[in-house]
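Participant: The structure follows.
The values are calculated or read from the model by the stated rules, or taken from the named source; none is laboratory data. Predicted model, so just to flag it, every value in this text is computed and none were measured. Note: ideal-geometry Cβ built from the backbone for every residue, glycine included; neighbour counts use all protein chains shown. These accessible areas exclude ligands, DNA and RNA; they are computed on the full protein's heavy atoms, side chains included. Shrake-Rupley method; radii C 1.70, N 1.55, O 1.52, S 1.80 Å.
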Amino acid sequence: MKYCSKCGAELMDEAVICPKCGCAVGENRPANTTTANSTNGFAIAGFVLAFFFPLLGIIFGAMGISKANKMGGSGKGLAIAAVIISSIATVISFIVFATSFTAIMAYIANEIR
Ligand SMILES: [Zn+2]
């Protein structure tokens, strides 16, 4: 005899769907076996750094991706997000820098004249 993991109803051993709540019934393995418990520090660090130090965010994000591949995918989405956010932040800060630089140069050129 096995039991539904959602509602706890008794199930036939060959049952695929719980007759009470309708949820799919898998093998009765513990819920935590498929989710990795280890945290990917590089992915988290990269994600945080992406907002403050985009270049570091790219580096940590890239390390997080390679670490995620070794850890069976743990934190991979976060690491990829870190690289993407870092890249966007780098482009934005470059545009801001270039725009203000152009504005300052234009101002100086006007002052000289
Ligand atoms: Zn159920």
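Participant: Considering every residue within the range 53-60, establish whether at least one is within 16 Å of the ligand (Cβ to nearest atom) and either outside any helix (DSSP H, G or I) or at pLDDT 90 or above (or both). Give the steps one after another, and end with the answer.
Facilitator: Quick first cut of the range 53-60, residues within 16 Å of the ligand (Cβ to nearest atom) only: none.
No, that holds for no residue.
Participant: Next up: Within the range 88-113, track down each residue that is under 30 Å from THR39 (Cβ atoms) and open to solvent by 50 Å² or more (accessible area, probe 1.4 Å).
Facilitator: Passing the criteria: ILE88, VAL91, ILE92, SER93.
Participant: Would the range 19-27 turn up any residue that is of a type in the set (Val, Ile, Thr) and at pLDDT below 85? Even if it seems obvious, please write down each step before you answer.
Facilitator: Residues of the range 19-27 of a type in the set (Val, Ile, Thr): 25.
Okay, now just the ones that are also at pLDDT below 85, so 25.
Within the range 19-27, one or more residues are of a type in the set (Val, Ile, Thr) and at pLDDT below 85.
Participant: Scan the range 69-76 and tell me whether some residue there is assigned to a helix (DSSP H, G or I), more than 12 Å from the chain's Cα centre (by Cα) and under 19 Å from SER38 (Cα atoms).
Facilitator: Yes: the range 69-76 contains one or more residues that are assigned to a helix (DSSP H, G or I), more than 12 Å from the chain's Cα centre (by Cα) and under 19 Å from SER38 (Cα atoms).
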